[in-house]
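The values are calculated or read from the model by the stated rules, or taken from the named source; none is laboratory data. Just so we're clear, the structure is a prediction, and the values are computed from it rather than from any experiment. When we count neighbours, we look across all protein chains shown, and the Cβ atoms used for this are built from the backbone with ideal geometry, even at glycine. Just so you know, the surface numbers come from the protein's heavy atoms only, side chains and all, with ligands and any DNA or RNA stripped out. Shrake-Rupley method; radii C 1.70, N 1.55, O 1.52, S 1.80 Å.
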Amino acid sequence: MKLTLKEIAKVVHAKNDWSVLTDREIPKIEFDSRLIEPGDLFLPLKGVRDGHDFIPTAFENGAFATFSEKKVEQTHLLVDDCLKAFQELAKYYLEKTNVEVIAVTGSNGKTTTKDMIAAVLSEKYSTYKTQGNHNNEIGLPYTVLHMPDNTQKLVLEMGMDHPGDIDFLSNLAQPDLAIITLIGEAHLEFMGNRRNIAKGKMGIQAGLGVENELIAPADPIINEFIYNQQKITRFGADEDIFVTNLVEHRNYLSFNTNFLNVTITIPVPGKYNATNAMLAAYVGFKMGLSEKEIKQGLEHVELTRNRTEWKKAANGADILADVYNANPTAMRLILETFQAIEKNEGGRKLVVLADMLELGNQSAELHAKMIESLNFEILDKVYLYGPMMKSLYQVANGNPNVSYFTDLENLSATIKKDLQPNDQILFKGSNGMKLFNVIEDLEKNIS
Ligand SMILES: N#Cc1c(NC(=O)c2cc(S(=O)(=O)N3CCOCC3)c(Cl)cc2Cl)sc2c1CCN(Cc1ccc(O)cc1)C2
């Protein structure tokens, strides 16, 4: 990141006297104190705990300064709202670096499409993209402020939990090109219905200049929400841009499009991926890449592993596996999301929580604190796994729907026995707890 502490203080209107601050460049900004390295700036956010509690830890890890909403003894930038300051700084940084921004949203496929667009543009430009699930009001500014110096193209994924989320992210990012992949295929969560999802996604017009372009599905559900005079390119059969000659092979696809003269091959199966790849090819085409560069970019795409997505158990039950960010806040957020989704007809809601690793001397307290995020009016069963989750089990006060496991085999066998076809089950915990082994087992065979 090419910003000095004094410049940052000025941009965020720090309330303390920043004229004494140095012109020293800040390597990066982190909100997880465990990621702080010497010279960094710490950003205390209100997660399950108030990030201000971790300012000492950040300085033990080498932080040079910290944002803060209250006076502290350490070198700090005093602001009213740390998150707002962070977002304001990201918006400033985008303007300062003048990087070209491509924004991608959609109910599913947005992560794959983001990965494919980045793969194509990387053939010609220095390109950076959203990492993991950093697609919300914290993750997007984090992505902006973590892009390498001299990045030319920035591919930003925009996630939506609530109405207005996308408008906010679009106003922050001011995209030069925007893509909406699909509308309302996933669970409706906090949005209510497909029309609201369409309206929410169309919020991507908020920061899109009228001289820029929106690429959107032919689905008429979005038509009533077009309010910007920008150019709109619709995709789908016989629309402005579309796939032709799609051939599905066991683990790759080949297809043509109506705007290129080459056959594209992508190293992934699934018809929907042809559409995602076609969108990426079109972005490359609009940004002046040759057909050869587009073809090569898509042939070498690296897809983000294990996206937070819905899977199916062999018996038909719905599995939500969230393998990202095993920290207390992420666990709370995914529990809120999971509990907000309606149960399947005649089905139950089950949750599997495994240890969050590397939480140091606060670990037992932070695991126990998850009790505040469990709504036993909604959840039918809670399975806890790992030595730290014992702290949560102990505060569950013998609730008959809460069980505790110390070994993976026993956990897996119990879930296989309990899980019913109409159930929904959430898995959340650090990768090191190997819950993906249980998930793979459920996907393969339930008996
Ligand atoms: N609450 C809390 C904590 C963290 N929360 C987060 O990193 C965090 C993650 C998320 S997130 O949901 O993971 N995420 C961020 C990126 O975009 C996608 C969504 C969010 Cl939205 C907000 C926060 Cl504040 S990280 C962290 C804690 C509390 C403990 N910390 C380590 C620690 C342990 C012991 C100590 O003595 C000192 C520090 C690490």
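For the reader, a short list of remarks on this structure follows.
- For Val247, the criteria (1) of a type in the set (Val, Ile, Thr); (2) open to solvent by 50 Å² or more (accessible area, probe 1.4 Å); (3) farther than 24 Å from Glu293 by Cβ hold in every case but one, which is (3).
- Count of the range 313-335 residues which are more than 9 Å from the ligand (Cβ to nearest atom), out of contact with any helix residue (DSSP H, G or I) (no Cβ under 7 Å at 6 or more places or on another chain) and open to solvent by 10 Å² or more (accessible area, probe 1.4 Å): 3
- Here is the figure for the range 1-21: residues that are open to solvent by 10 Å² or more (accessible area, probe 1.4 Å), under 22 Å from His146 (Cβ atoms) and outside any loop (DSSP other than H, G, I, E, B) total 5.
- Whichever residue in the range 272-312 is among the hydroxyl-bearing types (Ser, Thr, Tyr) and either assigned to a helix (DSSP H, G or I) or more than 23 Å from the chain's Cα centre (by Cα) (or both) and, among such residues, is nearest to Ile117 (Cα to Cα): Tyr282
- Residue among Lys153, Lys199 that is away from the ligand (no atom under 16 Å from the Cβ), basic (Lys, Arg) and in contact (Cβ under 8 Å) with a residue 40 or more places away in the chain: Lys153
Residue-wise test of (1) assigned by TED's automatic domain parsing to the domain that holds Glu25; (2) modelled with pLDDT under 95; (3) among the hydrophobic types (A, V, I, L, M, F, W, C).
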residue	(1), (2), (3)
Leu94	no, no, yes
Ala118	no, no, yes
Asn133	no, yes, no
Asn136	no, no, no
Gln152	no, no, no
Gly159	no, yes, no
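- Test: Glu342 is surrounded by fewer than 14 Cβ atoms within 10 Å (Cβ to Cβ) and not assigned by TED's automatic domain parsing to the domain that holds Ile204: yes
- Across the range 12-34, the number of residues qualifying as touching a Leu at 6+ places or on another chain (Cβ under 9 Å), without any contact (Cβ under 8 Å) to a residue 40 or more places away in the chain and within 14 Å of the ligand (Cβ to nearest atom) comes to 1.
- Which listed residue, of Leu379, Leu374, Leu350, Leu366, is out of contact with any Ser or Thr (no Cβ under 6 Å at 6 or more places or on another chain), more than 27 Å from Ala317 (Cβ to Cβ) and in the same structural domain as Leu435 (by TED's automatic domain parsing): Leu366
- Selection status of Ala85, away from the ligand (no atom under 11 Å from the Cβ) and not in a helix (DSSP H, G or I): no
- Qualifying residues in the range 287-313 (those that are of a type in the set (A, V, I, L, M, F, W, C) and at pLDDT below 95) - the one farthest from Leu426 (Cα to Cα): Val301
- Among the candidates Glu73, Glu37, Glu69, Glu95, the residue that is more than 16 Å from the ligand (Cβ to nearest atom), acidic (Asp, Glu) and either surrounded by 15 or more Cβ atoms within 10 Å (Cβ to Cβ) or under 25 Å from Thr151 (Cα atoms) (or both) is uniquely Glu95.
- Residue check, Asp115 open to solvent by 10 Å² or more (accessible area, probe 1.4 Å) and of a type in the set (Asp, Glu): no
- Total residues in the range 97-108 satisfying the condition of being over 19 Å from Met287 (Cβ atoms) and either in contact with a Phe, Trp or Tyr (Cβ under 6 Å, 6 or more places away or on another chain) or without any contact (Cβ under 8 Å) to a residue 60 or more places away in the chain (or both): the figure is 0.
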